[in-house]
Each structure stands twice: as C-alpha cells, then as structure tokens.
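Engineer: Can you read through this structure? Questions will come right after.
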Amino acid sequence: MAIPFTRQILSNGLHVLVHEDHTTPLADCTIVYRVGSRDEDPACTGLAHLMEHFMFSGSDHAPDFDLTLQKVGAINNAYTSQDLTNYYIVLPANNIETALWLESDRMAALSFNQQGLDVQKQVVMEEFKETCLNQPYGDLLMHINGLSYQKHPYRWMPIGMELSHIEQVDMEIVRRFHNNFYCPSNAILVVTGNVYADEIFTLADKWFGDILPGMQNPHHYPQESSATENRMKVVEKEVPADMLYKSWLMCARIDADYCAYDLLSDILGTGQSSYLYRKFVVEDRLFTDISASVSGTADQGLFYVGGRPAEGISIERADEALTQYLTDLQFDSKLSYDLQKVKNNAESIILERNLKVEDRANTLATGEFYSRAEDFADERTGYFAVTEEDIRRITETMFKRECGNTLYYKEKRDK
C-alpha cells in the first residue's frame, strides 16, 4: 500500500511533504539535507558527520536543543550517510510547531560557539576510535570501498578516513559547510502523523519561508568507469580470524535494476537457506559464515560478498572457490521458488519498516531525495516486477573474474 502524501514547494526551494495519519496521537518532523560524505573534500573527510553532531549544539533562540524538546515530550536523533543527512523529531502531534521552529532556527540561526564545536569534535573522534580502530574489522568497509572506487568520493565512509581530518576542523570550515548545504534549496521537510496538510504548509511557510534559498549545489561527482580489472588488497590486523570480502560495481538506487540486485543478494547470501551459506558453510565447509549485501547509494553502488574461512582453510583457497562459483553460477528451475521467497521477505520488511510515523517520514524523505517520493511510496511494486531473467542477466554481467575487488583482511600472526 502506497504512503499517501501532499507536496508543496516553498518559494525558497524547500520541499515540504505531509502524510496524514489520524489514528495516532504522534507526529514526526523529518528534515533531510542533500549532503553526505560524498560532498566532502578528500583532505577533510568526516565533516558531514561532524556537522550532524554540531547541529545539536544549539541555535540563537534555542541554546539547549535537547532540553527544549524534552519539555514537549519529544525524542530526536539523526544520521549521516554517504549521500544525505537526516534529522527527525517524534512528539505529540499538538506540539508539532515546536519541532518546525527548532529545525528552522538551526537552519537559519545555528549558534557557532567554539565550546560546542570542541565538544562535538571530541565525541566524533571517540566514535572513530571505538568503531574503526578498537573494534575488530571496524575499518573493513573503509578498505573495500577505497579499493572499489578510484574516482568517486564513496571511496571513504561518513566516519571519515582518519582522525587528523576531524582534528583540523575549525569554526570557519564548519560555518562554510553549513552555509553551503544547510539551506532551503538543499533540504526536504516531511511531516507525518496526526496533522493536517494545510496547517503544516502554513506553519512551514511561517518558520522557513523567510530563510534565503542558499546556493544551488550541483551535486555532480566523478563517476567510475566500467571496471575492467580485478583489484586486490591485503590488510593485517589483530583480529580473531581472517575475513574475505569482495565487491562489484552495481547500479544506483534509483536505477530500474536496483531491486534485482537487492533480491540477488538475498538469494545468494541472506540466511541459512541462501545459496552461498548452503554451498560453502554446510556442504563444502570452507567458510564458518558468509553473506551478501548491496550499498544502495544515489550513484553507482557496490554488491558485497564476505565471509570468514573455516579453520584450516586458507583465505586464498576460500577466495578461489568462491570466485569460481560466482563466475560459473547458473540457476536452475528452483530459481522461481527462491525468487518468490525473497520477494515475500522484501515485502514483509517494507511493510514493517513503514509501521511507525517516523519510518514513513524517512521513506518519503529519502524517496524525495533520490528522485520523487511517489517513486518510493510503495517499493513493493519494484521488487515484485523483478523476473528470473533479470536475476540471470545481472549475475552473468556482474560476476566476471576480471572486474571484481578482493580484500584479504588477515589475522596478524607472529613471523
């Protein structure tokens, strides 16, 4: 079932979408900015993520953002991806104007205080240490993405490439980044829940209408050429076991083939009934675990396959067996059953994902970011349109021995 909504675009370029649901006492205010780690300078990565944190440091008229929301019974959070930054507030619907006021104030009047920046820099650096340096395999995606992308800024992750990039950030860098990207022409506002569209449009114009549009960001990035080589990297770290990770370039999230790639990843590597698990964990016992996934980015994404070789199995042997299997992969008549199974699972996930008002807001906001919200209001249509021929076609095209990327993430052993 599609998510019904109404759209209005303010004169300053802000997209405002409203989904009414009068069965709940709650409302969600989500604002997505078209800025992620792909918009950073390679010498100053992690800035979009730092900006996400700094946005909670207060604005001119609300110096304590969280305390103001707590007073009206709200919860809030945010996340940064390679493509976008998402902020959301869930609160009793009769307090929705407070959320709109706060979001407009930190868009137009963010308080650029040095103490707040110092605190958030420390928080982000500690997060970098915890997730990337002190956690086993924490920097795995950094390595595989850096290997897979040679031109596109997807080669680094939102957390950043290194601590020094965050350490060097000063207030002028933060102010310039905010001025460039945190403006109405670069934003999408979505309100869902027990609200009325006409009232929300009036409030949106009241709180956001006078903010200057800001600069028009082209969001053009250097694209990867068709992969014609097999790249490889070896990393040695103090981890419990070796990890093999492989990737292939695939289409963008908006592409018609995206759903086919996503379903293929489920057929191959989601759960114990998946092809790779049955072949390499249960039958051949070459891996202790193995899985597949897709990145789903606005530009060309990645199809991942990764797993841990079983005890006594070298990573080289495991790699050769996996590569040969994928290169020679042929589907039999059972594909029809397996494809329907993963379609049903995808439908279940989509329905569950849209149960809450905040989830529906996220679906509409990200859909509007990629193209138009109506293209994503009922994602089931795209998944159920995938055919067996689609699965066979992308499999034959993608898994060519000469166009993959391979990461050997090895346990560091004493010489």
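All of the numbers you see were taken from the coordinates with simple rules; none came from a lab. Being a predicted model, the structure only gives us computed values, none of them experimental. Virtual Cβ from ideal backbone geometry, glycine too; neighbours counted across all protein chains shown.
Engineer: Students often get this wrong: which residues of segment 76-112 have the backbone nitrogen under 18 Å from the point 7 angstrom along Cα-to-C-beta of residue 212?
Structural biologist: 104-112
Engineer: Rounded to the nearest Å, what's the spacing between the alpha carbon centres of segment 167-198 and segment 73-111? Just the number, please.
Structural biologist: Value for the Cα centre distance between the two parts: 9 Å.
Engineer: Among DSSP beta bridges whose residues both lie in segment 6-208, state the antiparallel percentage, nearest 5.
Structural biologist: Working: 26 of 32 bridges.
Counting DSSP beta bridges with both partners in segment 6-208, the antiparallel share is about 80 percent.
Engineer: By how many nm would the segment from residue 151 to residue 23 lengthen if fully extended, with 0.36 nm per residue of separation less the alpha-carbon distance? All intermediate terms of the calculation are to be shown ahead of the outcome.
Structural biologist: Details: separation 128, 0.36 × 128 = 46.08 nm, distance 4.81 nm.
Difference between extended and current length: 41.3 nm.
Engineer: To the nearest 20 debye, what charge dipole does segment 6-208 have about its Cα centre, counting +1 at the Cβ of each Lys and Arg and -1 at the Cβ of each Asp and Glu?
Structural biologist: Values: 12 positive and 26 negative charges, 85 e Å.
It works out to roughly 400 debye.
Engineer: To continue, here is another question. What nm distance separates the two modelled labels at residue 219 and residue 134, each placed 7 Å from Cα along Cα→Cβ?
Structural biologist: Calculated label separation equals 3.6 nm.
Engineer: Then there is this: Suppose the chain between residue 353 and residue 371 were pulled fully straight at 0.36 nm per residue; how much longer would it get relative to their current alpha carbon spacing? Could you put the intermediate results ahead of the total?
Structural biologist: Values: separation 18, 0.36 × 18 = 6.48 nm, distance 2.00 nm.
Difference between extended and current length: 4.5 nm.
Engineer: Here's a follow-up. Sort 253-262, 363-372, 271-280 by the packing proxy (mean of other Cβ within 10 Å over each peptide's residues), most packed first.
Structural biologist: Numbers: 253-262: 19.7, 363-372: 21.2, 271-280: 16.6.
Taking the mean over residues of other Cβ atoms within 10 Å, the ranking is 363-372, 253-262, 271-280.
Engineer: Going down the table (151/412; 121/356; 246/343; 129/233; 246/400; 121/233), which pairs top 21 Å between alpha carbons? Provide the component values of the computation, followed by the final result.
Structural biologist: Working: 151/412 30 Å; 121/356 32 Å; 246/343 25 Å; 129/233 23 Å; 246/400 12 Å; 121/233 31 Å.
Result: 151/412; 121/356; 246/343; 129/233; 121/233 exceed 21 Å.
Engineer: Net charge near residue 357: determine it from the other residues with C-beta under 11 Å of the C-beta of residue 357, scoring Lys and Arg +1 and Asp and Glu -1. Walk me through the intermediate numbers first.
Structural biologist: Numbers: positive: 356, 360; negative: 20, 21, 28, 358, 359.
Result for the neighbourhood of residue 357: -3.
Engineer: Stretched out fully, how many nm does the piece from residue 255 to residue 196 gain, at 0.36 nm a residue minus the Cα gap?
Structural biologist: Values: separation 59, 0.36 × 59 = 21.24 nm, distance 3.33 nm.
That pair, residue 255 and residue 196, stretches by 17.9 nm at full extension.
Engineer: Please give, to one decimal in nm, the separation of the simple spin-label points placed at residue 6 and residue 401, each 7 Å out from Cα toward the Cβ.
Structural biologist: Simple spin-label model gives 6.1 nm for this pair.
Engineer: Can you give the helix-only mean residue ellipticity at 222 nm for the chain, where every DSSP H stretch with n ≥ 4 adds -39500 (n - 2.57) and the sum goes over all residues, rounded to the nearest 500 deg cm²/dmol?
Structural biologist: Numbers: 14 runs with 153 residues, N = 415.
Mean residue ellipticity at 222 nm (helix-derived): -11000 deg cm²/dmol.
Engineer: If the only charges are +1 at each Lys and Arg Cβ and -1 at each Asp and Glu Cβ, what is the size of the charge dipole of the chain around the Cα centre, to the nearest 20 debye?
Structural biologist: On the way: 38 positive and 63 negative charges, 156 e Å.
Taking the Cα centre of the chain as origin, the dipole is about 760 debye.
Engineer: Divide, for segment 6-208, the radius of gyration over alpha carbons by 2.2 N^0.38 Å, where N is the residue count.
Structural biologist: On the way: Rg = 17.8 Å, N = 203, 2.2 N^0.38 = 16.6 Å.
So the Cα radius of gyration is 1.07 times the expected 2.2 N^0.38 Å.
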